Structure formats: structure tokens, C-alpha cells
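As C-alpha cells, the structure follows; a few thoughts come after it.
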Amino acid sequence: MTYRFEKPLQLAHLALKNRVIRSATHSFLPDRDGFMADAEYAMYEELAKNNIGLIITGHCCVDPLGRANREQVNIYEDGYALQFRKAVEIAHRYGARFVPQISHAGPRAIDNDDLADCVARPLKKGRHARALTVEEIHHIEQCFIDAARRLQKAGVDGVQLHAAHSYLLSRFIDPLFNQRTDAYGGTPENRFRIVEEIIEGIHAACGDAFPVLIKINADTKHEDAAGYEQEMFYILHRCQELGVELVELSGADFITLPKDARLYYLDYAKKYKREVPNLPMSLVGGIRSLADMETVMESGVECLSLGRALIAEPDFVTKELAGGEPSICVSCNRCFVLPDMHPGVRCVWQWKRIRAAQRAKKKAAAQG
């Protein structure tokens with residue numbers, strides 16, 4: 001039996017062997033100088049050989065003032081580009097495509113005493129962000145464009161703009177964060193302007209055939225949630241007009257959803273697909289079984305994206321195709337804190353296996 005997600009997909013300039021995407025997920029594996037370590041390459045190889053059609057990297061930093069994590073891959077200088085060649089070669093060896101996600105953390109940046117946001121606002125822990133100037137916005141746009149140019153030269157299959165999860169681009173889009181009154185705030189056209197100018201700049205620098213993808217929140221925590229849905233219709237139509245290859249739909253609240261929640265943003269995806277039927281989309285969030293995967297495909301969305309399920313089991317898709325049980329992921333979100341306590345460990349199940357092996361080794365040594 002062939003499942004819908006196993007079928008190949010031809011996007012405008014990107015051919016995928018199947019409809020399964022590894023959604024951008026920070027691995028905590030790169031070194032603190034901004035380079036991939038051997039463990040990162042090993043992770044990509046394990047994903048590529050286990051039925052993943054498109055691997056999207058964890059967020060790569062485009063500006064030294066916009067680093068989100070100490071263990072984050074950088075792409076804000078030419079010297080960081082070469083490391084991507086090896087990752088591309090690994091993915092292509094197994095027929096997978098490789099697309100780095102590029103991002104700016106905005107006021108969530110680390111090691112930066114001059115934090116800036118769409119507008120001035122107080123932050124946690126007594127910190128404060130000032131408003132970005134228009135000149136600074138243009139500089140950040142150029143950082144994204146330059147990162148894409150470097151990555152194209154490194155041979156990647158495209159780039160994905162991170163415009164979700166309250167990183168800088170998503171904060172401009174979302175009225176919850178953006179109360180600017182100039183050309184970059186107010187109307188959805190203005191709030192999307194920074195993203196639009198980045199897309200246009202990448203196409204100017206890299207050519208229209210270089211794939212640009214975008215990850216965006218399907219919802220908002222703003223009080224006018226219905227208004228945001230209507231604005232998303234405009235944004236998605238504009239993405240299509242700008243030649244965006246694929247829009248990946250995530251959401252603003254995936255961390256806080258119940259552990260038994262499934263297919264978090266499917267209803268939004270259906271609405272958006274009806275409104276913009278010819279724009280390729282993927283859905284991420286709460287996909288934990290073969291049945292979930294097929295439900296996404298039945299909705300008309302072209303692709304499905306997996307995040308935490310692949311942290312728990314990099315061979316999740318292979319296992320499902322072999323008739324395996326649903327994902328062992330319980331959406332506990334410990335994958336966001338474990339690496340700080342145990343470097344190199346991302347999932348509680350992985351840590352339990354490590355601890356069991358350590359206990360067995362200790363017991364065997366004691367027995368002589």
C-alpha cells in the first residue's frame with residue numbers, strides 16, 4: 001500500500017521524493033562558535049535515511065545581534081557557509097532535500113545588551129527593548145538576504161524564513177507585538193512589509209529559481225483572533241504572488257497545548273487552503289501517528305511536518321510504514337530543557353535509555 005505522504009511532490013523549483021518534512025527544530029548540538037558538530041551531521045544522516053523528503057535545519061542566525069541560543073549555527077559571515085556543504089551532501093545521498101531555516105531572535109537575543117523589537121516594550125527579568133529604527137530594519141533585511149546568498153553558494157536547496165514563534169519576523173506580522181505607526185506597522189500590508197522586502201531581496205540576489213520557504217503562525221494570541229485569520233488570507237495570497245515555494249503553518253501556542261492534543265492547526269490549514277488553493281502548504285504540530293499523517297494529506301495540504309516526534313524517534317516515519325505504534329513522544333516539552341542539564345541529550349526517552357545502560361553497566365561491574 002502506498003500512502004499519500006509517500007508520493008513525490010514537484011514544487012515550483014524544488015522536487016521532493018515524498019511529502020514528509022523535518023520541521024526546523026533547534027538541536028542544541030552545534031558548538032558555541034556557530035558551527036555544526038559531528039553529532040549534528042549524524043542527526044541529519046539518520047533523518048535522511050529514514051524517509052524524510054525535506055530536512056529543514058534548526059534556526060540559523062543571520063545577525064550577531066540576533067542569536068537565540070549559544071549552541072546555534074551562524075550564517076552571518078562567509079566563513080560559516082562551507083559547513084553546509086557537508087550537510088547537503090549527506091541529505092542528497094539519501095534523496096532528501098536540505099533547506100536551512102534563517103532567523104533573527106529580535107528581543108529574544110542572547111549576549112546583547114541593546115535589545116530591540118518592533119516597538120519599545122518591557123521584557124522579562126527587568127530588561128527592556130527599544131524600537132528598531134527604519135535603518136536598522138533595512139540592515140536586518142540585508143542580513144537575511146546575505147545569508148541566503150551565502151547558503152545558495154554552499155549548494156543548499158533553498159532557505160526558509162522563520163516568521164513564527166515570536167522571533168523577530170513573526171513579531172512584525174503579529175498585531176500582538178507590532179503597534180508601529182510607520183510603514184512597518186498598522187495594516188497587514190505594512191506588518192508583512194519586512195518579510196516581503198526580504199523575499200524580494202533574496203530573489204534579486206539569488207534569482208527567482210532559488211526556493212524561498214516561510215514558516216508562519218497560523219494563529220495569534222491577540223484578542224482579535226478572527227481578524228488575524230482574515231489578515232492571513234492577505235499574507236498567504238501575497239506569499240503566492242511573491243513566489244514563495246512552500247508555507248509551513250505552525251502556531252503561537254504549541255508549547256502550552258494539552259499533551260493529548262493532535263493536529264493542532266489543522267482547522268486553520270483547511271481554511272487557508274480553501275482561500276489560497278494553489279499555494280503549497282505544510283502543517284506542523286501534533287502529528288503523532290500514521291493516521292494523523294493521512295488526515296493531514298486528506299485535508300488537501302500538500303505536506304506534513306514533524307518536529308518533536310522526530311526528536312523522540314528519528315526513524316518515526318520508517319517505523320510507521322512498517323506498522324509500528326504511534327509516536328512515543330508525550331509532548332512533555334522536556335526537549336527544551338534537557339540539553340542544558342545533559343548536553344547532547346534531547347528527549348526523556350533517550351535519557352532513560354542512557355540511564356538504564358549506565359545502571360546495567362554498574363551492576364555488571366559490581367558482580368564482577
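Worth pointing out:
- Residue match in the stretch 258-267 (condition: within 29 Å of residue 11 (Cα to Cα), more than 20 Å from the chain's Cα centre (by Cα) and buried (at least 21 other Cβ atoms within 10 Å of the Cβ)): no
- Considering (1) among the hydroxyl-bearing types (Ser, Thr, Tyr); (2) assigned to a loop (DSSP other than H, G, I, E, B); (3) closer than 19 Å to residue 217 by Cα, the lone condition that residue 268 does not fulfil carries the number (2).
- Verdict on residue 274 being surrounded by fewer than 15 Cβ atoms within 10 Å (Cβ to Cβ) and basic (Lys, Arg): yes
Results for (1) surrounded by fewer than 18 Cβ atoms within 10 Å (Cβ to Cβ); (2) among the basic types (Lys, Arg); (3) in a loop (DSSP other than H, G, I, E, B), shown as yes or no for each residue.
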{"position": "178", "(1), (2), (3)": "no, no, yes"}
{"position": "190", "(1), (2), (3)": "yes, no, no"}
{"position": "205", "(1), (2), (3)": "yes, no, no"}
{"position": "213", "(1), (2), (3)": "no, no, no"}
{"position": "226", "(1), (2), (3)": "yes, no, no"}
{"position": "229", "(1), (2), (3)": "yes, no, no"}
{"position": "232", "(1), (2), (3)": "no, no, no"}
{"position": "248", "(1), (2), (3)": "no, no, no"}
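- Screening residue 88 on (1) in contact with a helix residue (DSSP H, G or I) (Cβ under 6 Å, 6 or more places away or on another chain); (2) in a helix (DSSP H, G or I) shows it passes everything except condition (1).
- Test: residue in the stretch 162-170 that is touching a His at 6+ places or on another chain (Cβ under 9 Å) and either farther than 24 Å from residue 120 by Cβ or among the hydrophobic types (A, V, I, L, M, F, W, C) (or both): yes
- When residues of the stretch 289-303 are limited to those that are touching a helix residue (DSSP H, G or I) at 6+ places or on another chain (Cβ under 6 Å) and over 15 Å from residue 215 (Cα atoms), the one surrounded by the most Cβ atoms within 10 Å (Cβ to Cβ): 293
- For residue 344, the stated conditions do not hold, so it cannot be described as within 18 Å of residue 3 (Cβ to Cβ) and not in a helix (DSSP H, G or I).
- Test for residue 22: is it among the basic types (Lys, Arg), over 17 Å from residue 92 (Cα atoms), in contact with a helix residue (DSSP H, G or I) (Cβ under 7 Å, 6 or more places away or on another chain) and at pLDDT 95 or above: no
- Evaluation of residue 351 against the conditions (1) on the phi < 0 side of the Ramachandran plot; (2) of a type outside the set (Val, Ile, Thr); (3) open to solvent by 10 Å² or more (accessible area, probe 1.4 Å); (4) not in a helix (DSSP H, G or I) shows that the sole unmet condition is (4).
- The residues listed here are 164, 225, 183, 218; of these, the one that is closer than 26 Å to residue 116 by Cα and at pLDDT below 95 is 225.
- All positions within the stretch 1-25 that are free of Cβ contacts under 8 Å to residues at least 12 places away in the same chain and farther than 18 Å from residue 278 by Cα: 1, 2
- A single entry from 155, 185 fulfils the requirement of being open to solvent by less than 10 Å² (accessible area, probe 1.4 Å), under 28 Å from residue 205 (Cβ atoms) and assigned to a loop (DSSP other than H, G, I, E, B): 185.
- Residues in the stretch 305-327 that are under 16 Å from residue 5 (Cα atoms) and free of Cβ contacts under 8 Å to residues at least 12 places away in the same chain: 319, 322, 323.
- A search for C-beta distances below 7 Å between a residue of the stretch 275-288 that is of a type in the set (S, T, N, Q) and any residue that is outside any strand (DSSP E or B), counting only pairs 6+ apart in sequence or on different chains, returns 278/240; 282/301; 282/302.
The values are calculated or read from the model by the stated rules, or taken from the named source; none is laboratory data. Everything numeric here is computed off the predicted structure, so don't read it as measured data. No Cβ is skipped: glycine too gets one built from the backbone with ideal geometry, and neighbour counts run over all protein chains shown. Accessible surface areas use protein heavy atoms only, side chains included; no ligands, DNA or RNA. Shrake-Rupley method; radii C 1.70, N 1.55, O 1.52, S 1.80 Å.
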